[in-house]
Amino acid sequence: MNRCPWGDSTPDYIDYHDHEWGVELHGDVEMFERMCLESFQSGLSWITILRKRENFRRAFAGFTPETVAAFGSADFDRLMADAGIVRNRAKINAAIANARVVAELDVSLDELLWSFAPETHERPATAADVPAVTAESKAMAKELKRRGFVFLGPTTCYALMQATGMVDDHIATCFRAAQPAVSGR
């Protein structure tokens with residue numbers, strides 16, 4: 001079976017590639033989780049985050065934004081001591097701060113993020129054709145920053161767009177490219 005090159009290296013990647021990456025995702029909890037995980041991934045390999053995902057879910061109360069928004073200093077200390085997650089002060093602070101921003105939004109997080117999904121998207125022919133940023137991810141990052149979100153630059157936003165199916169970057173020879181695309185519009 002032909003896959004995108006990155007998705008054919010380990011069982012964890014194969015499962016993620018085949019069943020999650022590029023699949024349309026909705027819901028505030030679901031989108032907040034992916035937003036946080038993509039932020040934690042910054043500077044690390046995705047496999048590190050993927051293998052710690054269940055620990056992240058436990059540590060961050062299932063990524064329910066309202067619950068994470070209420071985290072205080074004891075929760076921060078607990079997270080910093082949790083070897084099951086990435087213990088990065090800035091990233092942990094960002095997850096908590098971003099949950100507080102979600103609580104203040106005038107629209108749902110799902111609606112806000114999906115508003116940046118491109119109307120059209122050209123499938124990359126090869127892995128070398130997959131962009132790291134796009135005009136839409138730059139616009140998303142700018143708007144998120146304006147609203148008070150942190151640790152979500154254009155590259156992280158594009159990774160979020162790929163992970164949640166806002167764009168489908170399975171390369172042309174990947175078996176997933178032959179499956180019907182799911183539109184966010």
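The values are calculated or read from the model by the stated rules, or taken from the named source; none is laboratory data. In this text the structure is predicted, and so the values were computed from the model without any measurement. Heads up, the Cβs are rebuilt from the backbone with ideal geometry, glycines too, and the neighbour counts pull from every protein chain shown.
Identify all residues within segment 169-185 that are part of a loop (DSSP other than H, G, I, E, B) and at pLDDT below 95; write none if there are none.
Listed by number, the residues that qualify are GLN179, PRO180, ALA181, VAL182, SER183, GLY184, ARG185.
Residues that are more than 16 Å from PHE149 (Cβ to Cβ), touching a residue at least 12 places away in the same chain (Cβ under 8 Å) and surrounded by 14 or more Cβ atoms within 10 Å (Cβ to Cβ): does segment 93-104 have at least one? Working first, answer last.
Filtering segment 93-104 down to residues more than 16 Å from PHE149 (Cβ to Cβ) leaves none.
No, every residue in segment 93-104 fails to be more than 16 Å from PHE149 (Cβ to Cβ), touching a residue at least 12 places away in the same chain (Cβ under 8 Å) and surrounded by 14 or more Cβ atoms within 10 Å (Cβ to Cβ).
State all residues of segment 24-50 that are more than 12 Å from the chain's Cα centre (by Cα) and under 17 Å from TYR13 (Cα atoms); if no residue qualifies, say none.
Correct list: LEU44, SER45, ILE47, THR48.
Exposed (fewer than 13 other Cβ atoms within 10 Å of the Cβ) and basic (Lys, Arg): does that describe ARG146?
Yes: the conditions hold for ARG146.
Quick one: in segment 119-144, of everything that is β-branched (Val, Ile, Thr) and at pLDDT 95 or above, which residue is nearest to ALA178 (Cα to Cα)?
Checking each candidate, the answer is THR126.
Residue by residue through segment 86-132, note down the ones that are within 16 Å of the chain's Cα centre (by Cα) and among the β-branched types (Val, Ile, Thr).
Answer for segment 86-132, where residues must be within 16 Å of the chain's Cα centre (by Cα) and among the β-branched types (Val, Ile, Thr): VAL86, ILE92, ILE96, VAL102.
Could you go through segment 151-162 and let me know if any residue there is part of a helix (DSSP H, G or I), under 23 Å from ARG53 (Cβ atoms), in contact (Cβ under 8 Å) with a residue 12 or more places away in the chain and of a type in the set (Phe, Trp, Tyr). Even if it seems obvious, please write down each step before you answer.
We begin by selecting, within segment 151-162, every residue part of a helix (DSSP H, G or I); these are 154-162.
Subsequent filtering for residues that are under 23 Å from ARG53 (Cβ atoms) retains 155-162.
With in contact (Cβ under 8 Å) with a residue 12 or more places away in the chain added as a condition, the list becomes 155-162.
Within this subset, residues satisfying the condition of being of a type in the set (Phe, Trp, Tyr) are 158.
Within segment 151-162, one or more residues are part of a helix (DSSP H, G or I), under 23 Å from ARG53 (Cβ atoms), in contact (Cβ under 8 Å) with a residue 12 or more places away in the chain and of a type in the set (Phe, Trp, Tyr).
Exactly one condition in (1) out of contact with any Ser or Thr (no Cβ under 7 Å at 6 or more places or on another chain); (2) assigned to a helix (DSSP H, G or I); (3) within 25 Å of ALA117 (Cβ to Cβ) is not met by THR48; state its number.
Just one mismatch for THR48, condition (3).
How many residues are of a type outside the set (Lys, Arg) and not in a helix (DSSP H, G or I) when one looks only at segment 53-112?
Qualifying residue count, segment 53-112: 16.
Which of (1) touching a residue at least 60 places away in the same chain (Cβ under 8 Å); (2) part of a helix (DSSP H, G or I); (3) farther than 16 Å from PHE151 by Cβ; (4) acidic (Asp, Glu) does GLU38 not meet, given it meets every other one?
Looking at each condition in turn, GLU38 falls short on (3).
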